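Notes to accompany the following structure.
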Amino acid sequence: MNDMTPTSAERAEKLEGMGCRRKRVEDIRFVQGKGNYVDDIKLPGMLYGDFTRSPHAHARVKKIDTAKAAALPGVVAVLTAETLKTVNLAWMPTLAGDVQMVLADGKVLFQNQEVAFVIANDRYVAADAADLVEVEYEALPCNVDPFKAMTEGAPMIREDLKDKTEGAHGKRKHYNHIFNWQAGNKTETDAAFAKADVTIKELIHYPRVHPCPLETCQCVASFDKIKGELTLYGTFQAPHVIRTVGSLISKIPEHKIHVIAPDIGGGFGNKVGAYSGYICAIVASIVTGKPVKWVEDRIENLSTTAFARDFHMLTEIAATKDGKVTGLRCYTIADHGAFDACANATKWPAGLFSIITGSYDFPAAHCSVDGVYTNKAPGGVAYRCSFRVTEAAYCIERAMDIMAQKLGLDPAEFRMKNLIRREQFPYTSAMGWQYDSGDYHVALTKAMESVGYKQLRAEQKQKQDAFRRGEMRELMGIGVAFFTEIVGAGPSRACDILGIAMFDSAEIRIHPTGTGICRLGTKSQGQGHETTYAQIIATELGLPADNITVEEGNTDTAPYGLGTYGSRSTPVSGAATAMACRKIKAKAQMIAAYMLEVHDDDLEWDVDRFRVKGNPERFKTMTELAWAAYHEVPPGMEPGLEAINYYDPPNFTYPFGAYICVADIDVDTGETKIRRFYALDDCGTRINPMIIEGQIHGGLTEAFGIAMGQEIHYDEDGNVTTASLMDYFLPTAVETPHWETDWTTTPSPHHPIGAKGVGESPNVGGVPCFSNAVNDAFAFLGSTNIAMPHDHWRTWTAAEKLGLHG
Ligand code: CDP
C-alpha cells in the first residue's frame, strides 16, 4: 500500500453509510418546489368530488334531494348512500372489525359526517353543488360524554348493532359499548394494593387531538373500463393495505388495482386508514368513466378524519413507604366516536396500551379498557405513536409524579429507585412484554447532569420561598419524564392487520455498474427514507449511498409491505434491507472467491471489498463484483445481483429516553414559557444522527402542541368547536421552544443492525414531560393533577382554583 491509498476508514467515510449525517436527498426536490404530491396530479378529463356534510351530530336523515345540485352546470353526478348500495358500498369495514357508513345511511352520527358526494368538472363547482344538496334532518338527542355512553337511557348511537351482544372483540355490555379488553394479572395486582403502604388514584385524561398533517387526506381514482383496472393515487401511509382492502370491498381483482402514494406531506397516523373520500372517488370514477380527484379541506381534515387519543385513565399505583412501586391498576374509558375505526393490530383493540408499566419494575399490574360509542368522528389513530403507547406513557409518567409527590420524594429520585436495571434485560414486564435492551439509569443520570438538575431544584426552592413571601408572581416547574417505547409492529405472532402478518420487505437490485435500486413496502411521509435506507445499504454492501435509489409507494413495483406508522420502518424494513443486503453479499462473496481462486472462507470483508485473508493486496471490490455478477459468475450460478427479504421481526424494539423540561409560569396570566427542554434518546444504532435530530425536533414540537394547547373539543350538542387552525393549536416557529438533544446508544440485540425506531419517541416522552413541568410548578401548593392541555387560560384557572389570585 502506498501513502496515496485510502485507508479503510477513509473509504468507509466516502460511502456515507450508517452513522453519517448525510444530507437528505429528497430535499433537493422539496426545497425547489418540485415535490409531486397528490394535488399535483392532473389526469386528462379529471373530475372533482366534494361532500355535502351533516350540520347535526345525531339526526335521522328523512330525505335527500339532489335535483338542484345535479342541475348546476358542470355537475356530472351526485352519489348518496342509495347509489352506493347498488354496488354494495354504502358501508365499509374498518380496521378494528367494525363497519362504517361511507355516506349517511338513514342517520348521521357525528357533525360533518359525509352525506352526499358531488362530482363536477371543476373543484369550485363541486363545492357549490355540495351546498345545493337538500337534506331533511330530524335532530336526535346526542351524547359526546363517554362516561354517559353506557348509562341507562343514553342515546343509542349505532342502531345497526342494536341486537348484537358480541362485537369484534367479545361481549358488549351495552348498546353503546364496543369492547372490554384486559391485560395483566388482576388477582396479583389487587393483592399488591391490599398490602400497600401508600397508594394513589387519579383520573388522567389524554384529550382528543388530531394529527393535522400539513397536507390533508386526498386521492385521485382512475378506473379503466376497458382493462377493468383501477389506478388509485393517494396520501397512503400503507399503500399495499389500501390495495388489499380496496380489492376486498370493491371486488376488483387485486392485480388490477395499482396504488401509488406519491410524495406525502406528513402523515402521523392520519393517513393509515380508509376514508369515505377514497371509496366515493373510486365509485365516481367507475360511474363517470373519468378520473376523479378528492381533496379534503382543513375543516374536513380536523373534524372528520381520524382523531387520536381520547383516553380517560383511572390510574392507581401501590408502593412501599420507602418508594418502591408494587402494583399498577388502570381502568380506561376509550371514546371511539361513532364507528370503531381505530388503526390497531387486529388482536389489540386498545393497541399496545398494556406497555403502561413504562420503564419501571412493577411486580404486578392490570389494565382494563372499555371502548364506547359517542357522537364524535371515528378514528383512534396512533398520532406519532405506536398504537396507544403515547396514552400509556402519559398515564404512567403523570402517575409516577403524583406518587412521588405523595411520598415526598423528588420525581427523578423516585424514578431512579424504580427504573428497570441494566442487568434485568431482556426484561419481561408484568404485562408480558419482553423489553429487548436498555440502560435506563445511565440515561437518566446523563440527563440530570446535563441540565444541572440539582442546581435547578435549588433555584426552584428559592423561587418558591420568594413566591410564598409575596416577592414574585412567577412559578418554576421542572418536568421529568422517562419513557420506554414499543415499536416495530410487529412480530407476526402478536400483530396482523385484517389477517395479514405485520412483516415488511425490501427488494434490492444491484446493477452491473455497481449502482442500484431498493424498493420497499414502507412509505416515507417526511422521515427521509430515501436517504437512510441507502445508508444501511452503503454500510452493508460497501457501495456509496449516492449510488442507491430508494423507491417506495408503488404497489406494482414494491414488494408487499404493511407501510409506515408506529415507527416501524427502521425496526422492520430497516432490518429487511440489511437482510436483503446480506443475501447479495453472500453471493458476491462466492463470485469473489471464484475470481480470486480461493475458498469462500479464505475471504474477509473490508468496508467495500472482499480480500484474501493474510493477503490484503488481493481483493475484489463490490463494484467489480457487481460487474462480474452479470458476466463472470461461477459455473452453475444464476447471473445477476439482487435479493428480496420479507422480515418478520422476532420482537418489538424498545427505544427509550430521559427528558427534562423547565417551565416558568406567570400565575396572573397563566402564560407558560418553556425555558429549557432537554431530550436524551436511545434508539439503538443510529443510522443518520442528523435525521434523528430532525425527527426529535418535529416530535417535540408536536408534543409541545398537544401538551400546551391542542384539543378537538365538542360542545354538548356535538358541535366541533376546534375545526379550524384558528381554534386548534398548531405551533409555529414563534411559539416553539429551543430543543437540546442528546443520546445514548444501546443496540437492539435482535435487530440485524441493532437499530430501534425513533420517530414517535419525542412525542411519547415529550407530552408527559411538558405536563409534568406545569404540574410540578404548582405541586408545592398541594395541587396534584392539572389536566392537559396547558394553555394559558387553563393554567390561569388552575392558579385561580388554588386561590393564587387573592
Ligand atoms: O417508521 P418511521 O419512518 O416513521 O420511523 P423510524 O423507523 O423511527 O424512522 C424515522 C427516520 O429516522 C428514518 O429516516 C430512519 O432511517 C431514521 N432513524 C435513524 O436514522 N436511526 C435509527 N436508529 C432510527 C431511525
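Residues checked against (1) more than 10 Å from the ligand (Cβ to nearest atom); (2) open to solvent by less than 40 Å² (accessible area, probe 1.4 Å); (3) under 27 Å from Phe268 (Cα atoms):
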| residue | (1), (2), (3) |
| --- | --- |
| Ile517 | yes, yes, yes |
| Gln525 | no, yes, yes |
| His529 | no, yes, yes |
| Glu540 | yes, yes, no |
| Asn547 | yes, no, no |
| Leu562 | yes, yes, yes |
| Arg568 | no, yes, yes |
| Arg582 | yes, no, no |
| Met590 | yes, no, no |
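When Phe503 is tested against (1) hydrophobic (A, V, I, L, M, F, W, C); (2) within 16 Å of the ligand (Cβ to nearest atom); (3) open to solvent by 50 Å² or more (accessible area, probe 1.4 Å), just one condition goes unmet, and that condition is (3). Filtered by the rule that a residue be open to solvent by 30 Å² or more (accessible area, probe 1.4 Å) and of a type outside the set (D, E, K, R), segment 234-257 gives Leu248, Ile249, Ser250, Pro253, His255.
Of the residues making up segment 306-337, those that are surrounded by 24 or more Cβ atoms within 10 Å (Cβ to Cβ), at pLDDT 95 or above and part of a loop (DSSP other than H, G, I, E, B) are His336, Gly337. Specify the residue that is nearest to Asn651 (Cα to Cα); the eligible residues are those in segment 432-447 that are touching a residue at least 60 places away in the same chain (Cβ under 8 Å), touching a strand residue (DSSP E or B) at 6+ places or on another chain (Cβ under 8 Å) and surrounded by fewer than 21 Cβ atoms within 10 Å (Cβ to Cβ). Only one residue tops the list, namely Gln434. Figure legend. Inter-residue proximity from segment 681-696: first residues of a type in the set (Asp, Glu), second residues near the ligand (Cβ under 6 Å from one of its atoms), beta-carbon distance below 7 Å, spacing 6+ or different chains. Indicated pairs: Asp681/Val758. Checked against the criterion of being modelled with pLDDT of 95 or more and part of a helix (DSSP H, G or I), the candidates Tyr48, Tyr124 yield just one match: Tyr124.
In segment 582-650, which strands (runs of 3 or more DSSP E) lie fully inside it and hold 3 or more residues that are modelled with pLDDT of 95 or more and within 19 Å of Ala506 (Cα to Cα)?
Values: elements: 603-606, 609-612, 615-621, 642-647.
Counting at least 3 such residues, we get 642-647.
A single member of Ala558, Ala575 is touching a Pro at 6+ places or on another chain (Cβ under 8 Å), within 16 Å of the ligand (Cβ to nearest atom), part of a loop (DSSP other than H, G, I, E, B) and open to solvent by less than 40 Å² (accessible area, probe 1.4 Å), and it is Ala558. Restricting to segment 651-691, what's the tally of residues that are assigned to a helix (DSSP H, G or I) and either more than 23 Å from Glu540 (Cβ to Cβ) or aliphatic (A, V, I, L, M) (or both)? The qualifying residues number 2.
Yes/no matrix, rows are residues, columns are (1) open to solvent by 60 Å² or more (accessible area, probe 1.4 Å); (2) touching a residue at least 12 places away in the same chain (Cβ under 8 Å):
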{"position": "Ser8", "(1), (2)": "no, yes"}
{"position": "Leu15", "(1), (2)": "no, yes"}
{"position": "Glu26", "(1), (2)": "no, yes"}
{"position": "Gly33", "(1), (2)": "yes, no"}
{"position": "Lys42", "(1), (2)": "yes, no"}
{"position": "Pro73", "(1), (2)": "yes, yes"}
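Residue-wise test of (1) more than 16 Å from the ligand (Cβ to nearest atom); (2) out of contact with any helix residue (DSSP H, G or I) (no Cβ under 9 Å at 6 or more places or on another chain).
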site: Glu449; (1), (2): yes, yes
site: Lys454; (1), (2): yes, no
site: Gln460; (1), (2): yes, no
site: Asp465; (1), (2): yes, yes
site: Arg468; (1), (2): yes, yes
site: Leu475; (1), (2): yes, no
site: Ile478; (1), (2): yes, no
site: Ala481; (1), (2): yes, no
site: Thr484; (1), (2): no, no
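Here Thr685 fits the description: open to solvent by 30 Å² or more (accessible area, probe 1.4 Å), within 15 Å of the ligand (Cβ to nearest atom) and either touching a Lys or Arg at 6+ places or on another chain (Cβ under 7 Å) or at pLDDT 95 or above (or both).
The values are calculated or read from the model by the stated rules, or taken from the named source; none is laboratory data. This one's a predicted model, so the numbers in the text were calculated from it and none came from an experiment. Note that each Cβ is placed from the backbone with ideal geometry, even for glycine, and that neighbours are counted across all protein chains shown. Accessible surface is based on the protein model in full, side chains and every heavy atom, while ligands, DNA and RNA are left aside. Shrake-Rupley method; radii C 1.70, N 1.55, O 1.52, S 1.80 Å.
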